Amino acid sequence: MLEQINKPNDIKKIPQDQLQALADEIRQYLITAVSCTGGHLASNLGVVELTEALHYVYDLPKDKIIWDVGHQAYTHKILTGRRKEFVTLRKENGISGFPRREESDCDSFDAGHSSNSISAGLGYVKARDLQKQDHHVVAVIGDGALTGGMAYEALNNMSQLKSNFVVVLNDNNMSISRNVGGMHQYLGKIRTSPAYTGLKDSVSERLENIPGIGGNLVSGIRRTKSSIKQLVIPGMLFEDMGITYLGPVNGHDIPRMIRVLQEAKRMQGPVLVHVLTEKGRGYLPAIRHPERFHGTNPFSVETGIPLEAGEPTWTDIFSTVMRKLGEREPSVAAVTAAMMEGTGLKRFALRFPDRFFDVGIAEGHAVTFAAGLALGGLTPVLAIYSSFLQRGFDQVMEDVCMQDLHVILAIDRAGLVGADGKTHQGCFDISYLSMLPNMTIMAPKNKWELSDMMKFAVGCKGPVAIRYPRGAAYTGLEEHREEICTGKAEVIRRGSRIAILALGNMVKEGVKVADALAEEGLEPTLVNLRFAKPFDKELLRELAADHELYVTMEENVRNGGLGEHILAFLNEEGIQVDTRIIAVPDQYMRHAGVDAQMRAAGIDAASVLNQIHSWLEEK
């Protein structure tokens, strides 16, 4: 049956009583495909029937479906004609794991981060109304994403609408980690209230059985703000805001979903359809371990076990260090924005539950909350992905740096992240953090230095950021473990003429470059910069005496990065040393393997060697 789906709206050719069979087929296809490519499995397995219902009711690409985060849009991609391309999912030159407008005109909004779908949808609606167009707009947002403040701003704004706009709340009781907070508890009361669900279903069924008028009567009652649910659950949040609430409805009951969506489609004004789904549905390992199958590497379908165990990752090292710091330092507290497992804080949370805080998908709040912890006498460590920290930039600037507070930012996924692509690249944090007064920025060369930097940061004063990449932690250069001092670099090997100035993960590439040059008869200096701010100005002055070329290496964009700061310093000091900046170019890097992305960005060892050879030829 799946072979009948080759272009948008082909699903409408499938009889409604066969849609569940199609859903089962799609689910098995996703399990098989993602087991080979890796990707977001649990979230996609949970929305197969919901996606089918949306595509059955709406006409794409005329109608617009906006997926919040977009990590649950695999079925949407299949139903819009991209099934055959799934073998390329998240691979170089293949299809993205998220909606991308460049990929299909059925993808209405490039996604990757959470809580923005309602805002984007509302913009679409206003543009439609102003231009007197007649298409429909639907935003699909998860209950986890609904913990983000931007979603509330949009809900507040949309409540004033007079024209149709449908928000589908996909409630699976999860974001990446288990959901937390008041909205989670509120939705839990709705989804579990027998007084509400039982009475509503009973009354609706009896009214619908009244000959001739039953269906219209039920629709009329549902459109009334003071409807049955208002009597049973007083003060319902969405209704009180002026948003018509429909649900909760079983998101795996396709006929019922179609009926509810058709009803929502006919209404004037904003509508919220509350849908209950099961994350990982249809695959037992994903049901049992939804966090692990949120984003997974290739795995065995039979067991759910990853095909390659791999070496300990930077996140693993951070996890171990945090647990040990928690034991040694009673003041250390950990903060996460719905990423306990992803950032490696689960062990800390289990060992020190009173000092662990998950604030939900609310990065700005997480930063200011950490500022409050610091003012209260604790040493907060906010573990957060680089691309997610961007959402808390204002709070880092205003609430942490301006007050010079001792908040430690443990920035995971710094640099190029691979298959997640454009929205998740962590190659901007040096640029946006280095402009801030009082901020210290460090990056470790290997797993031991990450441990040393965390200990150093706890003993510091003021804001400290430690950035480390995705993937296996580097285990080379174990013998180089000088004591960390503020703003001081570490010389790995001393030579002359060419100085390779590498930061963090790029030290590994710097070793390859230095070894290759040594084989050519050159003896370069290799420096582990350690600090992006403040960097080691004294060493730069010293090396200028017997070096003609500085090669700066960073896994960050060139604009506003460490290389540009070093170049500006050399110009200010009048130091006459040619400088080549190796950094990510001024573009959003597409999804591919990290090695392929590094080659594309020109920051791998081979590209650096080419730069140096070019300089040598010029000389």
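Bear in mind that the values in this text are calculations on the coordinates, not laboratory data. Values in this document were obtained by computation on a predicted structure and should not be read as measured data. Here Cβ is always computed from backbone atoms with ideal geometry, including for glycine, and neighbour counts include all displayed protein chains.
Rounded to whole numbers, the Karplus 3J(HN,Hα) couplings from phi for the range 452-468 are 5, 5, 5, 5, 4, 5, 4, x, 7, 10, x, x, 9, 10, 10, 10, 8 Hz, using 6.51 cos²θ - 1.76 cosθ + 1.60 with θ = phi - 60°, and x at Gly and Pro. Between helix 254-266 and the chain there is an angle of about 90 degrees, using the helix long axis and the longest principal axis of the Cα atoms.
The range 341-375 and the range 81-108 have their alpha-carbon centroids 34 Å apart. Shown for Ile95, Ile65: other C-beta atoms within 10 Å of each C-beta, ranked fewest to most, produce the order Ile95, Ile65. Arranged from fewest to most other beta-carbon atoms within 10 Å of their beta carbon, Cys485, Cys401, Cys427, Cys460 become Cys485, Cys460, Cys401, Cys427.
Give, to the nearest whole percent, the P(r) tail of the chain beyond 30 angstrom, counting all Cα pairs. Walk me through the intermediate numbers first.
Details: 109234 of 191271 pairs.
The proportion of pairs with Cα distances above 30 Å equals 57 percent.
With runs of 4+ DSSP H residues as the only contributors, calculate the mean residue ellipticity of the chain at 222 nm using -39,500 (n - 2.57) per run, divided by the residue total and rounded to the nearest 500.
Details: 24 runs with 235 residues, N = 619.
Only helices count here, giving -11000 deg cm²/dmol.
Seen through its C-alpha gyration tensor, with square-root eigenvalues sorted a ≥ b ≥ c, the range 415-476 comes out oblate because a/c lies at 1.5 or above while a/b is not bigger than b/c.
Given N residues in the range 23-132, what is its alpha carbon radius of gyration divided by 2.2 N^0.38 Å?
Ratio of Rg to 2.2 N^0.38 Å for the range 23-132: 1.07.
When you filter the trypsin sites (Lys or Arg not before Pro) in the range 1-107 for DSSP loop state and at most 13 other Cβ atoms inside 10 Å of their Cβ, you are left with Arg101. In terms of Cα atoms, the Rg and Dmax of the range 314-467 work out to 13.8, 40 Å. Of the DSSP beta bridges with both residues in the chain, give the percent that are antiparallel, rounding to the nearest 5. So the antiparallel bridges amount to about 15 percent of the total. Take the Kirkwood radius over Cα pairs of the range 1-82, plug it into Stokes-Einstein at 37 °C and 0.692 mPa s, and you get 256 µm²/s for translational diffusion.
With everything on Cα atoms, drop me the angle between helix 214-223 and the longest principal axis of the chain, reported from 0 to 90° to the nearest 10. Helix 214-223 and the main axis of the chain meet at about 40 degrees. Rounded to the nearest 20 debye, the dipole magnitude of the chain is 2060 debye, with +1 charges on Lys and Arg beta carbons, -1 on Asp and Glu beta carbons, and the Cα centre as origin. Highest mean packing first, where packing is the average number of other Cβ atoms within 10 Å per residue, the peptides 310-317, 142-149 line up as 142-149, 310-317. Summarising the amide proton neighbourhood of Phe165: residues at separation of 5 or more, or on other chains, whose placed amide H is nearer than 5 Å comprise Gly269, Val271.
List Ser119, Ser496 from most exposed to least, where exposure is judged by having the fewest other Cβ atoms within 10 Å. Present the calculation step by step, with values, prior to reporting the outcome.
Values: Ser119 20, Ser496 14.
By the 10 Å Cβ count, ascending: Ser496, Ser119.
Against the empirical 2.2 N^0.38 Å (N residues), the range 490-618 has a Cα radius of gyration ratio of 0.99.
Between the alpha-carbon centers of the range 235-268 and the range 466-522, tell me the distance in whole angstrom. Spelled out, the Cα-based centre of one part sits 58 Å from the other.
If the limit is 32 Å between Cα atoms, which of Lys91/Lys455; Lys346/Lys512; Lys461/Lys512; Lys77/Lys132 go over it? Could you put the intermediate results ahead of the total?
Numbers: Lys91/Lys455 37 Å; Lys346/Lys512 35 Å; Lys461/Lys512 35 Å; Lys77/Lys132 29 Å.
In this structure, Lys91/Lys455; Lys346/Lys512; Lys461/Lys512 lie more than 32 Å apart at Cα.
Whole-Hz Karplus values for the range 78-92 come out as 4, 6, 10, x, 10, 4, 5, 8, 5, 5, 9, 3, 6, 9, 4 Hz, taken residue by residue from phi with 6.51 cos²θ - 1.76 cosθ + 1.60 and θ = phi - 60°; glycine and proline positions read x. For the pair the range 26-58 / the range 553-584, the C-alpha centres are spaced 46 Å from each other. Note on the range 284-387: dipole from Cβ charges, positive end direction compared against Phe318, Pro306, Ile287; the farthest Cα belongs to Phe318.
Once you charge only the Cβ atoms, +1 for Lys and Arg and -1 for Asp and Glu, what is the size of the charge dipole of the range 314-467 about its Cα centre, to the nearest 20 debye? Write down the numbers at each step before the final one.
On the way: 15 positive and 16 negative charges, 96 e Å.
The dipole of the range 314-467 has a size of about 460 debye.
Annotation note: GluC sites (Glu not before Pro) in the range 48-151 located in DSSP loop regions with a Cβ neighbour count of at most 13 within 10 Å are Glu102. Rounded to the nearest whole Hz, the Karplus-based 3J(HN,Hα) values (6.51 cos²θ - 1.76 cosθ + 1.60, θ = phi - 60°) of the range 394-406 follow the sequence 4, 5, 4, 5, 7, 9, 9, 5, 4, 8, 6, 8, 7, with x at glycine and proline. Take each peptide in 3-9, 236-242, 419-425, count the other Cβ atoms within 10 Å of every residue, and average; sorted highest first, the result is 419-425, 236-242, 3-9.
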